[in-house]
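Here the structure comes first, spelled out in C-alpha cells, and everything after it is commentary.
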C-alpha cells in the first residue's frame, strides 16, 4: 500500500508529494476545481492551503471533506504529461 510521507504546497494550486515507495511528484489541482459545492472552495488560495494529511499518510483532505487517496495521487497523470509522453 502506498502512503504519503510528506507534502508541500508548491505555488498556485499545486502540491508536491513524497510517497512511501520513494517516488515523488507535483500535481496541479486546478483541473479538479469546479463549480460544485465540494470542490469550488479550493479556488480560494487561503482555503486550498488548509489541506491536511490523514493519519498514516492515507490521503489528503480539506475541511469540507474533499479528499484524495494516495493510490490515486500516486498513479495520477495530468493530460499535459500524457500529451508530452505521446509526442516522444
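Evaluate the following for residue 72: is it surrounded by 14 or more Cβ atoms within 10 Å (Cβ to Cβ) and closer than 18 Å to residue 18 by Cβ?
no
One residue is enough: does segment 18-26 have a residue meeting the conditions modelled with pLDDT under 95 and either out of contact with any helix residue (DSSP H, G or I) (no Cβ under 9 Å at 6 or more places or on another chain) or within 19 Å of residue 77 (Cα to Cα) (or both)?
Checked against the condition, which is being modelled with pLDDT under 95 and either out of contact with any helix residue (DSSP H, G or I) (no Cβ under 9 Å at 6 or more places or on another chain) or within 19 Å of residue 77 (Cα to Cα) (or both), segment 18-26 yields no hits at all.
Got a number for residues in segment 45-58 being farther than 13 Å from residue 73 by Cα and part of a helix (DSSP H, G or I)?
Within segment 45-58, residues that are farther than 13 Å from residue 73 by Cα and part of a helix (DSSP H, G or I) number 6.
Considering every residue within segment 1-8, establish whether at least one is touching a residue at least 12 places away in the same chain (Cβ under 8 Å), at positive phi, surrounded by 13 or more Cβ atoms within 10 Å (Cβ to Cβ) and not in a loop (DSSP other than H, G, I, E, B).
No, segment 1-8 contains no residue that is touching a residue at least 12 places away in the same chain (Cβ under 8 Å), at positive phi, surrounded by 13 or more Cβ atoms within 10 Å (Cβ to Cβ) and not in a loop (DSSP other than H, G, I, E, B).
Conditions tested, residue by residue: (1) exposed (fewer than 11 other Cβ atoms within 10 Å of the Cβ); (2) more than 26 Å from residue 1 (Cα to Cα); (3) within 14 Å of the chain's Cα centre (by Cα).
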| position | (1), (2), (3) |
| --- | --- |
| 29 | no, no, yes |
| 42 | no, yes, yes |
| 48 | no, yes, yes |
| 52 | no, no, yes |
| 55 | yes, no, no |
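When only residues in segment 23-44 that are outside any strand (DSSP E or B) and touching a strand residue (DSSP E or B) at 6+ places or on another chain (Cβ under 9 Å) count, which is nearest to residue 58 (Cα to Cα)?
Once the filter is applied, the top-ranked residue is 23.
The values are calculated or read from the model by the stated rules, or taken from the named source; none is laboratory data. Remember, it's a predicted structure, so these values are computed and weren't measured experimentally. Reconstructed Cβ throughout: ideal geometry from the backbone, glycine too, with neighbour counts over all protein chains shown.
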